[in-house]
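Structure record follows, encoded as structure tokens.
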Amino acid sequence: MKSFKDAPLIALEEIESTNTYLLDLLKQTGVEEGTIISAGFQTAGRGLGRNTWLSERGKNAIFSIVLFPDFLKIEDQFLITQAVSLGILNWTRSALPQKQIVIKWPNDILVEKKKICGILAQSSIQGSKLQFVVAGIGINVNQNDFGELNSIATSVYNESSGMNNINRVIQEIRNEIFEQYELLINEKHHLIQEKYLKELYLLNEKHDFISDGECFEGMILGVNHFGQLLIEDSSGKIRTFNTKEVVY
Ligand code: BTN
């Protein structure tokens with residue numbers, strides 16, 4: 001299959017949300033796989049669940065990329081989240097080689113335990129196949145102040161004191177995502193699953209978790225095929241969580 005590394009990169013100054021824009025574009029016209037919509041600023045950036053995504057104007061890589069994984073079954077779609085997360089993790093490692101970088105389930109990238117990147121994947125299904133996935137990516141690049149979130153958010157600049165060209169960052173991340181996506185095209189699903197687990201924050205470590213207002217001690221055992229998080233609690237029971245059902 002042809003690499004999507006050279007697909008169009010449409011850089012817009014200000015839009016509601018790059019995900020919404022790309023989803024609308026897909027409804028209206030033919031779009032090449034790997035096409036990226038980026039924005040200097042989003043007026044209604046979307047996060048996971050009901051969250052919003054805030055980012056200082058012109059400072060960060062804010063973009064959405066479209067994939068056509070029609071070779072995957074619907075029940076395998078978490079593999080896309082895993083592949084995209086690994087691509088971004090690899091880029092972040094190359095930018096910050098001295099830092100501890102992990103994936104926090106399902107798809108946050110943490111540097112020294114602070115969030116540097118969030119991903120919002122939205123998919124469309126046709127029959128029994130995945131028609132497309134829009135992966136919306138917000139990675140903090142040149143922003144240095146996150147206000148009240150300073151203790152939990154960071155950027156490439158804060159971790160290295162170097163400014164980066166945003167368009168170049170986006171191109172490089174697309175290349176990294178393609179490297180991982182190619183493994184899926186070549187049916188190397190197990191490689192993606194193994195690498196994801198190896199990079200998973202708190203895997204096999206005792207930690208406190210909060211779910212439904214209840215605090216419990218447990219250990220992350222991994223994720224199941226559907227991308228749900230598996231935590232063994234102190235009574236030995238394995239509990240299964242969807243996104244946003246558990247906090248840690
Ligand atoms: C999260 O809550 O962690 C996911 C955040 C995803 C934010 C990105 S920014 C580019 C794209 N457009 C959006 O509206 N959201 C995603």
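Computed from the coordinates by the stated procedures, all read-outs in this text should not be read as laboratory data. Given the structure is predicted, the values throughout are model-derived calculations rather than measurements. So basically every Cβ, Gly included, is an ideal-geometry build from the backbone, and we count neighbours across all protein chains shown.
Considering helices alone, the calculated mean residue ellipticity of the chain at 222 nm is -8000 deg cm²/dmol, with DSSP H runs of length four and up weighted by -39500 (n - 2.57) and normalised per residue. Scanning the chain for long hydrophobic helices, with DSSP H runs required to stretch 20 angstrom or more by C-alpha along their axis and to average at least 0.0 on the Kyte-Doolittle scale, returns 78-95.
When you restrict to C-alpha pairs under 8 Å that are six or more residues apart and normalise by the size of the chain, the relative contact order lands at 17 percent. Based on Cα contacts under 8 Å between residues 6+ apart, the range 83-196 shows a relative contact order of 27 percent. Annotation for the range 134-160 versus the range 173-248: alpha-carbon center distance of 23 Å.
Net charge within 12 Å of Pro8 by Cβ-Cβ distance, Lys/Arg positive one each and Asp/Glu negative one each, not counting Pro8 itself? That works out to -1.
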